[in-house]
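What follows is one structure encoded as structure tokens, with my remarks underneath.
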Amino acid sequence: MNESADEGRNAVNVLEFPRSLDERLYRNPVVASLYGTESVEAFLAGPCQVAIAANVALPDLEGIVSTLSSAGKFVFVNIDNSDGLAQDRGGVEYLRKIGTPGLITTRTMLIQKANQLGMVTMQKVFITDRSTLPRSTNAVRQNRPHLVQLMPWPVIPYIKQQELAELTPYVAAGFVQSRDDVVAALKGGAKAVSTSDVELWSITRR
């Protein structure tokens, strides 16, 4: 990790990053964004190790988590976008009960609850303009997520390094359209890149 990333980790006081997940993301730095169940088979068949599951209906959620975990994959569930799943502390407790290792959300309360339950957390941050950055940084500092998902990707290169370091470690997301985007994001300091583009899921570090 580069010096600015270390500074960012200290600035927001994030929780200690799980070594096993760190190793997965180093080898396979693309996180598969799964919308519904349609692309689960493609994810399982490839080398990609980490996924974000969204738009999964509640009756299917436990099965998806079990299938991915049994295959040795790591999954974050987007609690903000899962039909039928309560977006409250009870929803977090349900995810933990069914064995979900990771949670992603924009909501402060849910990040804090998931941290308390020993889950790996990713806080989603939308960058609309520079004026919102202090608020986002304060939220990350308060919540102490393991990861921050920054989106959209095309905006990230325009953020000052000092500001970006305060939101580290981060996953670049949104409008990631090519291998060049992935490479540029990683060179710019991203720990990983998330995308729904199946063709990019096989990218590995050389």
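Using a 1.4 Å probe on the protein chains only, how many percent of the accessible area of the range 118-206 belongs to carbon and sulfur? For the range 118-206, the apolar C and S fraction of the accessible surface comes to 51 percent.
To the nearest 20 debye, what is the magnitude of the charge dipole of the chain about its Cα centre, counting +1 on the Cβ of each Lys and Arg and -1 on the Cβ of each Asp and Glu?
Values: 21 positive and 21 negative charges, 101 e Å.
Computed about the Cα centre, the dipole is about 480 debye.
Just checking the listed ones, 147, 85, 34: in the Gaussian network model of the chain with Cα springs under 10 Å, the one fluctuating most is 85. Which net charge results when you count Lys and Arg as +1 and Asp and Glu as -1 among the other residues whose beta-carbon is under 15 Å from that of residue 68? Here the charged neighbours net out to -2. Taking 151, 109, 122 in turn, the Gaussian network model of the chain (Cα-Cα springs below 10 Å) assigns the largest fluctuation to 109. What does the charge count around residue 96 come to, taking other residues whose C-beta lies under 15 Å from its C-beta (Lys +1, Arg +1, Asp -1, Glu -1)? Counting the neighbours of residue 96, the net charge comes to 0. Surface analysis of the range 47-155 yields an accessible area of 41 Å² per residue, using protein heavy atoms and a 1.4 Å probe. Compute a Gaussian network model of the chain, connecting alpha carbons closer than 10 Å, and tell me which residue from 194, 33, 178 fluctuates the most. Among 194, 33, 178, the largest mean-square fluctuation in the Gaussian network model of the chain belongs to 178. Based on C-alpha pairs under 8 angstrom that are at least 6 apart in sequence, the chain has a relative contact order of 27 percent.
Computed on the Cα atoms alone, the convex hull of the chain gives a volume of 108 cubic angstrom per residue. Which pairs in the list 124/191; 113/191; 160/191 are over 19 Å apart, alpha-carbon to alpha-carbon? Check vs 19 Å cut-off fails for 113/191.
If Lys and Arg each add +1 and Asp and Glu each add -1, what is the summed charge of the other residues whose beta carbon sits under 15 Å from the beta carbon of residue 40? That works out to -3.
Roughly what percent of Cα-Cα pairs across the range 45-88 reach past 12 Å? When every Cα pair of the range 45-88 is considered, 58 percent fall beyond 12 Å.
From the helices alone, meaning DSSP H stretches of at least four residues, give me the mean residue ellipticity at 222 nm for the chain, per-run term -39500 (n - 2.57), in deg cm²/dmol to the nearest 500.
Details: 9 runs with 81 residues, N = 206.
That comes out to -11000 deg cm²/dmol.
The values are calculated or read from the model by the stated rules, or taken from the named source; none is laboratory data. Computed from a predicted structure; not experimentally measured. Note that each Cβ is placed from the backbone with ideal geometry, even for glycine, and that neighbours are counted across all protein chains shown. The protein model used for the area step is the full one, side chains on, heavy atoms only, and it has no ligands, DNA or RNA in it. Shrake-Rupley method; radii C 1.70, N 1.55, O 1.52, S 1.80 Å.
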